[in-house]
1. Are there any pairs with C-beta distances below 7 angstrom linking a residue in the stretch 116-130 that is touching a residue at least 12 places away in the same chain (Cβ under 8 Å) to a residue that is part of a loop (DSSP other than H, G, I, E, B), with the two at least 6 apart or on different chains, and if so which?
2. Kindly provide the set of residues from the stretch 170-216 that are in a loop (DSSP other than H, G, I, E, B), among the β-branched types (Val, Ile, Thr) and within 24 Å of Val141 (Cα to Cα), ordered by number.
3. Which members of the stretch 69-89 meet the condition of being under 9 Å from the mean Cα position of the chain (by Cα) and of a type outside the set (S, T, N, Q)?
4. Can you spot a residue in the stretch 42-59 that is closer than 20 Å to Ala96 by Cα, at pLDDT below 95, assigned by TED's automatic domain parsing to the domain that holds Leu127 and not charged (D, E, K, R)?
5. Name the residue, out of Lys172, Lys154, that is among the basic types (Lys, Arg), in the same structural domain as Ile77 (by TED's automatic domain parsing) and either over 25 Å from Pro41 (Cβ atoms) or in contact with a His (Cβ under 6 Å, 6 or more places away or on another chain) (or both).
6. Has the stretch 142-157 got at least one residue that is under 18 Å from the mean Cα position of the chain (by Cα) and farther than 20 Å from Ala87 by Cβ?
7. Please find, among Thr198, Thr208, the residue that is over 21 Å from Leu44 (Cα atoms) and among the β-branched types (Val, Ile, Thr).
8. Go through Gln68, Gln60 for me and flag whichever is free of Cβ contacts under 8 Å to residues at least 12 places away in the same chain and out of contact with any Cys (no Cβ under 7 Å at 6 or more places or on another chain).
Amino acid sequence: MRQIALSGWSSLARLLTRRHSFKLRWLIACWLMPLAAHAAPVILVFGDSLSAGYGLTQQQSWVALLGQKLAPAYQVINASVSGETTAGGLSRLDAALAQHKPAIVVLELGANDGLRGLPLKLSKRNLGSMIDKARQAKAKVLLVGMQLPPNFGKSYSQQFAGMYSELAQSHKVPLLPFLLDGFADKPEWFQNDMIHPTAAAQPHIANTVERALKQVK
């Protein structure tokens with residue numbers, strides 16, 4: 001009787017072991033699925049409201065559209081903040097690099113510095129420091145430039161636009177000279193503030209950035 005009982009317990013133990021083994025394998029698979037999804041190299045978009053999707057749903061933003069275009073080869077993460085300045089970006093870049101460990105950083109900042117008339121010497125220094133930090137974190141950089149409306153004064157506007165090309169040359173990084181290239185003169189592609197692009201403009205921006213990313217080597 002004792003042998004029968006032990007035999008029964010042994011069979012039950014084997015059955016439970018098989019069930020638990022299946023459950024364990026299932027749990028491991030579920031745990032590994034999100035890790036596999038994150039295995040693709042990360043492109044970190046680090047910008048202001050023009051990249052954060054101001055006035056749009058997240059799905060409408062050019063960053064989300066770029067992510068759809070580049071998946072599954074790359075995972076595109078949006079770390080942009082509306083209203084961000086170069087100083088603000090510099091203060092939070094270390095944490096973003098440590099968290100996301102990007103292979104590429106798309107650096108789109110400076111517009112708010114220009115709109116506020118901040119000293120371009122400081123803006124340029126902040127952008128240069130961010131390029132250096134990204135490189136120290138083993139990430140490549142695509143620098144994205146902007147242009148100011150004509151009413152900001154010819155001299156300041158020219159210096160502002162030139163700041164990006166000077167940074168690209170001195171730091172030897174590829175440059176997308178103007179994020180809104182190709183439709184800046186189309187008021188129907190801008191929201192009521194005439195600063196932020198509409199949903200209709202987002203695919204165009206995504207295509208522009210995608211082409212520029214081909215410069216990153």
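1. Ser123/Gly110; Leu127/Leu109; Leu127/Gly110
2. Once the filter is applied, which keeps residues that are in a loop (DSSP other than H, G, I, E, B), among the β-branched types (Val, Ile, Thr) and within 24 Å of Val141 (Cα to Cα), the stretch 170-216 yields Val173, Val216.
3. Matches in the stretch 69-89: Val76, Ile77, Ala79.
4. yes
5. Exactly one of Lys172, Lys154 is among the basic types (Lys, Arg), in the same structural domain as Ile77 (by TED's automatic domain parsing) and either over 25 Å from Pro41 (Cβ atoms) or in contact with a His (Cβ under 6 Å, 6 or more places away or on another chain) (or both), namely Lys154.
6. yes
7. One residue alone meets the criteria, Thr198.
8. Gln68
The values are calculated or read from the model by the stated rules, or taken from the named source; none is laboratory data. Quick caveat, the model's predicted, so the values are computed rather than measured. Quick reminder, even Gly has a Cβ in these numbers, built from the backbone with ideal geometry, and neighbours come from all protein chains shown.
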